[in-house]
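Contents: one structure, followed by commentary.
The values are calculated or read from the model by the stated rules, or taken from the named source; none is laboratory data. The model shown is predicted, which means the values in this text are computed figures rather than measured ones. Positions of Cβ are generated from backbone atoms using ideal geometry, with glycine treated the same way; all protein chains shown enter the neighbour counts.
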Amino acid sequence: MNKLKLPYKRARKRSKNTLTYEEQRVGRNKETQINLSYINSSEYRRKFDIITANPEVNRIVYQKAKEMLLHRRGTLFENMYWLDGESGEVVASAVNEVHSQAIRRNRKRDKRIKENKNIIALHTHPLSMPPSPADFYSMWEMGYKKALIICHNGKIFEYGIGYKEPGLELHQLQIDYYIKKDYNEFKAQDMAINDMNKIYGIYYEEVL
């Protein structure tokens, strides 16, 4: 297994589904296109009404989610925002990433995030997968209050950590185990999270 890094996202192997930067830049990846009609619908907008108890913060989360999806549609690149949970103010952002399915670490940005104890973190998953091992670890390490994944297929996942530090390597080994059992990647990640919930208390659920 490749050595696990500790950026916000684990670096992934290049696969036949990974396009070149130039191809991604022009949005040619059919797997990661978005349904504009749905993203602009009231049904999608209502999902954000329950993110927090503050309607103004929910409005900003929705606005940033749409911005990220429109920016990264048809690519394998991700965007990420860290918002103040009380005001909705943008504490930090990563919107110019050039590594496929990854958000790279930045020391100055990390410092701003860790200084705020009420962070709502939201980032895109172009292939609409559940939270990765690195997603859970980053939430633990950075101390987010709430964390969301904005999927290109219109789904939204909220995820959380438990009572002790999540194990990156064990979690990834469990995903690899299910993939070897011929489960697809989504199901493998879902089953691995359920297994890790029993050990570390991590969880995720779809926002409906």
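Hey, among the residues in the stretch 13-67 that are part of a loop (DSSP other than H, G, I, E, B) and of a type in the set (D, E, K, R), which one's modelled with the highest pLDDT? Full working, then the answer.
Going through the stretch 13-67, the residues part of a loop (DSSP other than H, G, I, E, B) turn out to be 13-20, 26-29, 33-35, 40-41, 51-54.
The next check asks that each one be of a type in the set (D, E, K, R); those that pass are 13-14, 16, 28.
On the way: Lys13: 41, Arg14: 41, Lys16: 42, Arg28: 78.
Only one residue fits best here, namely Arg28.
Per-residue answers, yes or no, for (1) closer than 20 Å to Trp82 by Cα; (2) of a type in the set (Phe, Trp, Tyr); (3) within 17 Å of the chain's Cα centre (by Cα):
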position: Ala134; (1), (2), (3): yes, no, yes
position: Glu141; (1), (2), (3): yes, no, yes
position: Gln172; (1), (2), (3): no, no, yes
position: Tyr177; (1), (2), (3): no, yes, no
position: Asp195; (1), (2), (3): no, no, no
Out of (1) free of Cβ contacts under 8 Å to residues at least 40 places away in the same chain; (2) closer than 26 Å to Glu169 by Cβ; (3) in contact with a helix residue (DSSP H, G or I) (Cβ under 6 Å, 6 or more places away or on another chain); (4) not hydrophobic (A, V, I, L, M, F, W, C), the one Pro126 does not meet is (1)
